[in-house]
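Working notes for the structure below.
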Amino acid sequence: MTTLTHRGRRVDGRNADKKPDSEEDAAADRDPNEDDPDDSKDIRLTLMEEVLLLGLKDKEGYTSFWNDCISSGLRGGILIELALRGRIRLEPVSLRKKRLLERKVLLKSDAPTGDVLLDETLRHIKATETAETVQTWIELLTGETWNPFKLQYQLRNVRERLAKALVEKGILTTEKQNFLLFDMTTHPVSNASEKQRLVKKLQESVLERWVNDPQRMERRTLALLVLAHASDVLENVFASLADDKYDVAMNRTKDLLDMDPEVEAAKGRGTEMIWAVLAAFNKS
């Protein structure tokens, strides 16, 4: 599992606040044919694309070879993205008051999102005879399951597919690099302004725009902080800050991620999937 760390010294050259609506309550009043407000028409990048972009080395065009968290982090991002777009939800709390990691993921709508990875995951969720939990779905989508009969749910080549989507959006480019024994396709950043915008947005969310209450944070920003932590790319977000601001940003983010997911999810059901994904990574 990833950890939040503090640096001792900087190394030179390192590269609307409003309470979220209840997703379930809003869905009950919404026409099923009406577009979800978080749907793709108004979204420049998906959460998965943003996480990958944060994890990529700008010039080299690949993620750290030592990062063994980003694969599962990206799968968690898929679940959150689908929830924010109104396609899936957690089962309601029963009389037994099930904890987040015990509640199953339910299909709300199988309407296509227009994103290949999201739609493939939707088909998997729809095809399952028995509903699964958030933690199980992350394991299935990553391919980390002991059950050979469920290996068909694995999403393959996720990083490469996300990178190609970012190439199509003009943010990355494609190159071939030789690594002595093999050639590897890499995707250097070609549109640095898009990544800088993303980094600045996250930095400001825990500095100038810090509200000290996740219920008042914009949902996609909250989700991205959780996913950046789970994918072990959060250091990349704050690396360019001066030492004093770096410490403030890391401390505030740590406080946010140390909150009890069960308590926070109960406060605003529109963020339940975000807290369930955090709980899954905290347990792993």
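The values are calculated or read from the model by the stated rules, or taken from the named source; none is laboratory data. Keep in mind that this is a model prediction, so the values were computed, not measured. Heavy atoms of the whole protein, side chains included, go into the accessibility calculation; ligands, DNA and RNA do not. Shrake-Rupley method; radii C 1.70, N 1.55, O 1.52, S 1.80 Å.
Some points to look at:
- Ordered from largest to smallest accessible area (heavy atoms of protein chains, 1.4 Å probe), the residues Glu262, Glu208, Glu50 come out as Glu208, Glu262, Glu50.
- Exposure of Thr128 as accessible area (Å², to 10), given a probe of 1.4 Å and all protein chains: 30 Å²
- Semi-axis lengths (Å, descending) of the ellipsoid that matches the C-alpha gyration tensor of segment 122-258: 30, 25, 14
- Taking all protein chains together and a 1.4 Å probe, the residues Trp137, Trp146, Trp210 rank Trp146, Trp210, Trp137 from largest to smallest accessible area.
- Here the Kirkwood formula, the inverse mean of 1/r across different C-alpha pairs, assigns segment 102-178 a hydrodynamic radius of 14.2 Å.
- Per residue Cα convex hull volume in Å³ - calculated over segment 47-282: 134 Å³
- Given Lys126/Lys150; Lys201/Lys245; Lys59/Lys176; Lys126/Lys164, the pairs whose alpha carbons are separated by over 18 Å: Lys126/Lys164
- C-alpha center-to-center spacing [segment 196-265, segment 84-130] in angstrom: 26 Å
- Stretchable slack from Trp146 to Ser240, in nm (0.36 nm times residue separation minus alpha-carbon distance): 29.7 nm
- Arg87, Arg216, Arg161, reordered so the largest accessible area comes first (probe 1.4 Å): Arg216, Arg161, Arg87
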